[in-house]
Amino acid sequence: MDALVTSLVAGGVLAAVVAVVRARRAATARPGGRPAEAPTGGPHRLALGDRVRIRQQEYVVSGTIRLVEGDWSWVQHLLDDGSGGRRRLSVEDGPELELVLWTAEPGAKVSPGAPTIDLDGRRYTWSETGQARYTAIGETGLPSAGTMRYHDYQSGGAARLSFEAYGEEGWRVARGDLLDPADLAIRPTTEGH
């Protein structure tokens, strides 16, 4: 009986979170179901070769992945720090611009799907799950187009945990930090801007 009650409560929480995510996405859509227009310039329009300074570290954009799920779209820019380090910057519109700087965790021994996940002393709570279509340019290590599945988790106000699987590959795990737009300075290349 306890397992049944636990399952019902977990299912109710999941349904409530899905409803909140859908409402958040609908709030940013234009009347008629079309997505809100992305602002021009800034992190939405980073191009290959652009330089980005985030919290005193300089990066070069080496690839971009554009994702679409229904009426919702977001962008992930792959960043190189010049010494072999790679990070990912996700740019998502909602009620406010959301910028997250991600670091890959290839050795993490966790899998998505549970309501909470503990990793390195921090507890992350499930926030959303879905599947998107993507297009990729630059040095992404991906085909130019395909599908991606994801599970996203949050901890506290700024910590994030993400699981992504492109095509038929296994899960990629990454930890993220929510950025303030003031943390980001962009120096575009002269081409294409």
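General observations
- For LEU67: the one exception among (1) open to solvent by 50 Å² or more (accessible area, probe 1.4 Å); (2) at pLDDT 75 or above; (3) of a type outside the set (Ser, Thr, Tyr): (1)
- Those residues of region 120-140 which are free of Cβ contacts under 8 Å to residues at least 40 places away in the same chain and open to solvent by 80 Å² or more (accessible area, probe 1.4 Å), in sequence order: ASP120, GLY121, ARG122, ARG123
- If the condition is being touching a Gly at 6+ places or on another chain (Cβ under 9 Å), among the aliphatic types (A, V, I, L, M) and within 26 Å of LEU48 (Cβ to Cβ), then region 133-161 contributes ALA136, ILE137, LEU142, MET148.
- For region 113-149, a residue qualifies if it is under 16 Å from GLU169 (Cα atoms), more than 15 Å from the chain's Cα centre (by Cα) and not polar (S, T, N, Q), and the qualifying residues are GLY141, LEU142, PRO143, ALA145, GLY146.
- Condition met for GLY82 (open to solvent by 70 Å² or more (accessible area, probe 1.4 Å) and touching a Phe, Trp or Tyr at 6+ places or on another chain (Cβ under 9 Å)): yes
- Cross-chain or 6+ apart pairs with Cβ under 8 Å, region 58-79 first and of a type in the set (Asp, Glu), then modelled with pLDDT of 95 or more and assigned to a strand (DSSP E or B): GLU58/ARG51; GLU58/VAL52; GLU69/GLY130; GLU69/GLN131; GLU69/ALA132; GLU69/ARG133
- Residue, least open to solvent (accessible area, probe 1.4 Å), within region 143-176, restricted to residues that are among the acidic types (Asp, Glu) and not in a strand (DSSP E or B): GLU169
- Among the residues making up region 98-119, a single one is within 28 Å of GLN57 (Cβ to Cβ), of a type in the set (Val, Ile, Thr) and open to solvent by 40 Å² or more (accessible area, probe 1.4 Å): THR103.
- Identity of the residue in region 177-190, assigned to a loop (DSSP other than H, G, I, E, B) and not β-branched (Val, Ile, Thr), that ends up surrounded by the fewest Cβ atoms within 10 Å (Cβ to Cβ): ASP180
- Every test in (1) touching a helix residue (DSSP H, G or I) at 6+ places or on another chain (Cβ under 8 Å); (2) β-branched (Val, Ile, Thr); (3) open to solvent by 60 Å² or more (accessible area, probe 1.4 Å) is passed by VAL75 save one, and that test is (3).
- Test for GLY84: is it modelled with pLDDT under 50, more than 19 Å from the chain's Cα centre (by Cα) and not hydrophobic (A, V, I, L, M, F, W, C): no
- Filter result for ILE54 (surrounded by 15 or more Cβ atoms within 10 Å (Cβ to Cβ) and under 23 Å from GLY170 (Cα atoms)): no
The values are calculated or read from the model by the stated rules, or taken from the named source; none is laboratory data. Being a predicted model, the structure only gives us computed values, none of them experimental. For neighbour counting, all protein chains shown are included, and Cβ atoms are generated from backbone atoms with ideal geometry for every residue, glycine included. When the accessible area is computed, the model is the full protein with side chains, heavy atoms only, and any ligands, DNA or RNA have been set aside. Shrake-Rupley method; radii C 1.70, N 1.55, O 1.52, S 1.80 Å.
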